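The numbers here are math on the coordinates, done by the rules we state, and not lab data. Being a predicted model, the structure only gives us computed values, none of them experimental. As a convention, Cβ positions derive from the backbone with ideal geometry for all residues, glycine included, and neighbour counts pool all protein chains shown.
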There are 2 protein chains.
Amino acid sequence: MPDSSIVDAWIALVQSQKVAVARVEARLKAAGLPALTWYDALWELEKAGEAGLRPFELERALLFEQYNLSRLVDRLEKAGLVDRAPCPDDGRGQMLKISDAGRVLRARMWQTYSSAIDEAVGARLSNDEADRLATLLKKLT
Amino acid sequence: MPDSSIVDAWIALVQSQKVAVARVEARLKAAGLPALTWYDALWELEKAGEAGLRPFELERALLFEQYNLSRLVDRLEKAGLVDRAPCPDDGRGQMLKISDAGRVLRARMWQTYSSAIDEAVGARLSNDEADRLATLLKKLT
DNA sequence: AGATTGTAGATGCACTTGCATCTTTATTCC
DNA sequence: GGAATAAAGATGCAAGTGCATCTACAATCT
């Protein structure tokens, strides 16, 4: 059985991220932009550059279920944000690359997203507190 | 634009709670138990005692959308865990009370849930660290 | 009292997620 | 090489969620 400090931290973790994420998602929605998952996927792909990523790599980077990733990529491809190509090295697989439109959208999202992060986190913690928070949170991973 | 400490804390917040929640949910599922939302609702109702709660109170306690709460209560009622009664004071409303079966299930869930919290949080943070984490997280709310 | 506005809760419809399973290609083991 | 096993990705179906809207009752304002 956990100590009450541990349970308190658990509850605070769940509640605080729910509140913070809700604030950020609301800002994106209000700006007519897609949700965070799209951003995360586009950003991973943009960081991967010309090499692109295999779906299973993206799946792990985003901590997504396989079937959810498969469908997310469907939607991103349909929206013209990501290009899917067969993978030369592995007949089962494919290579994903962000498109120009994807880069444009990602950059546009970042304007709203970053200011929402600033509002949800930056306005409530000093940089020093943010560092300490990140350090503690990373121990959970 | 947020400072990089702020963005780091944001990312850690989202990732860490995703990992921690996934661990806990997996434990509940493996034990054949319902998901966290059911627990949260049952616990709020159990704390409310004989007085019960109005759906809108539960909605606020759980940070749920109104329509999601309405359907969650449908499911809990169908499962015999919660009783719905018309509200004497307000003809529009209703009173929710946890049933005996609900109390039994909640207690049973807590055995698995608490040990999962211990594994996901307690095993990774000292009590002191957990206190500091909770304090920082609460500033976000 | 009667009309307006607000609040509690439900619900149809579209979309997303979870679960199980399937197909296809790689890898491993004999 | 051939059989068994494993990994990559897709998909049908059920369940959950988001959005808009609806109904019913309450509160307010004149």
Nm distances between the label at residue A:51 and the same-position labels in the remaining copies, 7 Å along Cα→Cβ, shortest first?
5.9
Principal axis lengths of segment B:1-53 from Cα atoms, whole Å, largest first?
49, 31, 11
Over segment B:35-141, what is the relative contact order in percent, taking alpha-carbon pairs closer than 8 angstrom and at least six residues apart?
26 percent
Where is the GNM fluctuation largest for chain B (alpha-carbon springs, 10 angstrom cutoff): B:41, B:116, B:130?
B:130
Can you list residues from other chains, or at least 5 along the same chain, whose modelled amide H is less than 5 Å from the amide H of residue A:83?
A:97, A:98, A:99
homo-copy label distances at residue A:29 (7 angstrom along Cα-Cβ), nm, one dp, ascending, are 2.5
Can you work out which chain B residue has the shortest Cβ-to-axis distance for the rotation that carries B onto A, and give it in Å?
B:17, 2
For the pairs A:18/B:29; A:78/B:139; A:18/B:47; A:138/B:139; A:47/A:138; A:47/A:139, flag any whose C-alpha to C-alpha distance is greater than 29 Å.
A:78/B:139
Cα gyration tensor category, rounded, prolate or oblate, for segment B:1-138 with a/c compared to 1.5
prolate
Quick one: check the C-alpha center-to-center distance for segment A:82-141 versus segment A:55-75, whole angstrom.
14 Å
Expected sort for A:99, A:16, A:126 with the fewest Cβ neighbours (10 Å cutoff) up front is A:126, A:99, A:16
Once Lys and Arg get +1 and Asp and Glu get -1 on their Cβ, which of B:39, B:28, B:87 lies farthest toward the positive end of the dipole of segment B:2-133?
B:28
How about segment A:31-130: which trypsin sites (Lys or Arg not before Pro) there are in a DSSP loop, with at most 16 other Cβ atoms within 10 Å of their Cβ?
A:92
Acute angle (nearest 10 degrees) that the helix A:100-117 long axis makes with the longest principal axis of chain A, alpha-carbon atoms:
0 degrees
On Cα atoms only, tilt of B:66-78 relative to the major axis of chain B in degrees
60 degrees
With +1 on the Cβ of every Lys and Arg and -1 on the Cβ of every Asp and Glu, and nothing else charged, how large is the dipole of the protein assembly as shown about its Cα centre, in debye rounded to the nearest 20?
500 debye
Karplus-derived HN-Hα couplings along segment A:119-128 (A = 6.51, B = -1.76, C = 1.60, θ = phi - 60°), whole Hz, x at Gly and Pro:
6, 7, 10, x, 6, 10, 10, 6, 4, 5
Could you list A:38, B:43, A:110 so that the one with the fewest beta carbons within 10 Å of its beta carbon is first and the one with the most is last?
A:110, B:43, A:38
So for R0 = 22 Å, FRET eff. of residue B:92-residue A:11 from the Cβ-Cβ r, to 0.05, ends up at 0.10
Rounded to the nearest 0.05, what FRET efficiency do residue B:139 and residue A:100 have when you use their Cβ-Cβ distance and R0 = 41 Å?
0.55
Residues whose built amide H sits under 5 Å from the amide H of residue A:139, excluding neighbours closer than 5 in sequence, are none
Going by amide H atoms built from the backbone, whose H comes under 5 Å of the H on residue B:54, apart from near neighbours?
B:96
